[in-house]
Amino acid sequence: MSGNSNIIEYIKKTPKTELHLHIEGTLEPNLMFELARKNKISIPYKSIEEVKSAYNFNNLDSFLNIYYQGTKVLITEQDFFDLTWAYVLKCKKDNIVHTEIFFDPQAHVDRGIDFNTVINGIFKALKKAKDEFNITSNIIMCFLRHLDEDSGFKILDKALNHKDKIIGVGLDSSEIGNPPKKFERLFKKAIEEGFLTVAHAGEEGPTEYIWEAINLLKVKRIDHGVQCLKDEKLVEKLKQIQIPLTVCPLSNVKLCVFNKLEKHNLKEILKKGLMVMVNSDDPAYFGGYLNDNLIKIQSALNLNMNEVKTLLINSFKSSFLSENEKNNWISKL
Ligand code: HPA
Ligand code: ZN
């Protein structure tokens, strides 16, 4: 076997964690069509081929328009269950043993869907994943940063009834012009209520947003963070505190953060000793689930076995699993 096929086999068969995944971003075109038909929601596509050809993005916002449009087919608890269960089956296929997923309740509540409908559908599918496949999970509720902080407070209030299901809060959607500092009071309240915090920062936005996420939102992880190399002091800080960066290679290319996978800075980030790992973000839209992301970035950057192993270990280390659970999995790698 060549070196590369060894590494590919290793990626496929090793137990893995995923830490940056939007459950609404796993809505595959076939399920989108099925739900649109069932719920009598009109979608602007005639065929699955037409959907796929619409998935050409030139930045984050051009993707988000299509992503929010897709969410409109999700109406009932069963729809959220089916969406999540389809992702669980992908986890099983990719040998993901633990996943921490985002959901965007404001995208649903603001079109009249009850918060309970959303969270219960997602939670029941994850419970079944544990019962049937022993796949563990955590749920992170994201605030939409293009909306105002008041809307965030209202959704946080609804989440208080579901503290048993939601481990933390995050920040996603349109980054530029919506800095973390816009949500400082909201995150303070979330922390007081016992939620862990994470935030998308430095996906396409400036390095100041990464500083703000750390200093003002007190995040445990930065989602994306790939812009960090533009600021030497920030790189020093990230190295010193080992705050994880949940990097998503196929997403970054689809949204034109890097013009091709070979230009991705993941290897450079690794070499600087930062706590980084690979994730799939919105795999139904970006052309691949976790194993695809790992296999394609390994090949594009010619990552060696040690580098791949570091990425997989970092993912367990950066998760919200207990120290015992982390060590148990890491010992198996
Ligand atoms: N970035 C910001 N917001 C998002 C993303 C993303 O990659 N996916 C879904 N919401
Ligand atoms: Zn994301």
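The values are calculated or read from the model by the stated rules, or taken from the named source; none is laboratory data. Not measured: the values here are computed from a predicted model. Cβ coordinates were reconstructed from backbone atoms using ideal geometry, including for glycine residues, and neighbour counts include every protein chain displayed.
Condition first: under 21 Å from Lys12 (Cα atoms) and not hydroxyl-bearing (Ser, Thr, Tyr). Now tell me which residues in the range 227-269 satisfy that. Correct list: Val247, Cys248, Pro249, Leu250, Leu261, Leu266, Lys267.
For the range 257-279, state whether one or more residues are within 19 Å of Ile101 (Cα to Cα) and part of a helix (DSSP H, G or I). Looking for residues that are within 19 Å of Ile101 (Cα to Cα) and part of a helix (DSSP H, G or I), one finds none in the range 257-279, hence no. Mind checking which residues of the range 173-192 are within 16 Å of ligand 1 (Cβ to nearest atom), surrounded by fewer than 22 Cβ atoms within 10 Å (Cβ to Cβ), on the phi < 0 side of the Ramachandran plot and of a type outside the set (A, V, I, L, M)? Residues satisfying the conditions are Ser174, Asn178, Pro179, Lys182. Consider Glu323 carefully, then state whether it is surrounded by fewer than 21 Cβ atoms within 10 Å (Cβ to Cβ) and touching a helix residue (DSSP H, G or I) at 6+ places or on another chain (Cβ under 8 Å). No.
When only residues in the range 234-254 that are among the polar types (S, T, N, Q) and either away from ligand 1 (no atom under 16 Å from the Cβ) or under 13 Å from Ile269 (Cβ atoms) (or both) count, which is surrounded by the fewest Cβ atoms within 10 Å (Cβ to Cβ)?
In the first step, residues of the range 234-254 are kept if they are among the polar types (S, T, N, Q); the result is 240, 242, 246, 251-252.
When the remaining residues are screened for being either away from ligand 1 (no atom under 16 Å from the Cβ) or under 13 Å from Ile269 (Cβ atoms) (or both), the result is 240, 242, 246, 252.
Numbers: Gln240: 9, Gln242: 12, Thr246: 25, Asn252: 24.
Restricting to residues being among the polar types (S, T, N, Q) and either away from ligand 1 (no atom under 16 Å from the Cβ) or under 13 Å from Ile269 (Cβ atoms) (or both), the top hit is Gln240.
Any residue in the range 105-131 that is charged (D, E, K, R) sitting within a Cβ distance under 9 Å of a residue that is modelled with pLDDT under 95? List the pairs, counting only those 6 or more apart or interchain. Sorted first by the residue in the range 105-131, then by its partner, the list stays empty. Residue by residue through the range 91-111, note down the ones that are under 18 Å from Lys38 (Cα atoms) and assigned to a helix (DSSP H, G or I). If the condition is that a residue be under 18 Å from Lys38 (Cα atoms) and assigned to a helix (DSSP H, G or I), then His108 is the only one that fits.
Look at (1) on the phi < 0 side of the Ramachandran plot; (2) more than 16 Å from ligand 1 (Cβ to nearest atom); (3) in contact with a Lys or Arg (Cβ under 8 Å, 6 or more places away or on another chain) and you find that Phe63 fails only one, number (2).
Just to verify a result, which residue in the range 259-302, among those that are charged (D, E, K, R) and within 14 Å of ligand 2 (Cβ to nearest atom), is surrounded by the fewest Cβ atoms within 10 Å (Cβ to Cβ)?
Here is the first cut: in the range 259-302, the residues charged (D, E, K, R) are 260, 262-263, 267-268, 271-272, 281-282, 292, 296.
Okay, now just the ones that are also within 14 Å of ligand 2 (Cβ to nearest atom), so 281-282.
Details: Asp281: 30, Asp282: 25.
Only one residue fits best here, namely Asp282.
Of the residues making up the range 193-200, not a single one is modelled with pLDDT of 95 or more, part of a loop (DSSP other than H, G, I, E, B), surrounded by 24 or more Cβ atoms within 10 Å (Cβ to Cβ) and within 16 Å of ligand 1 (Cβ to nearest atom). Taken over the range 115-170, the criterion of being away from ligand 1 (no atom under 16 Å from the Cβ) and part of a loop (DSSP other than H, G, I, E, B) is satisfied by Asn134, Ile135, Asp148, Lys163, Asp164, Lys165.
What residue, among those in the range 214-233 that are in contact with an Asp or Glu (Cβ under 9 Å, 6 or more places away or on another chain) and in a helix (DSSP H, G or I), is farthest from ligand 1 (Cβ to nearest atom)? Only one residue tops the list, namely Leu229. Considered as a group, the residues in the range 204-216 that are within 16 Å of ligand 2 (Cβ to nearest atom) and surrounded by fewer than 24 Cβ atoms within 10 Å (Cβ to Cβ) include one that is nearest to the chain's Cα centre (by Cα), and that residue is Glu204.
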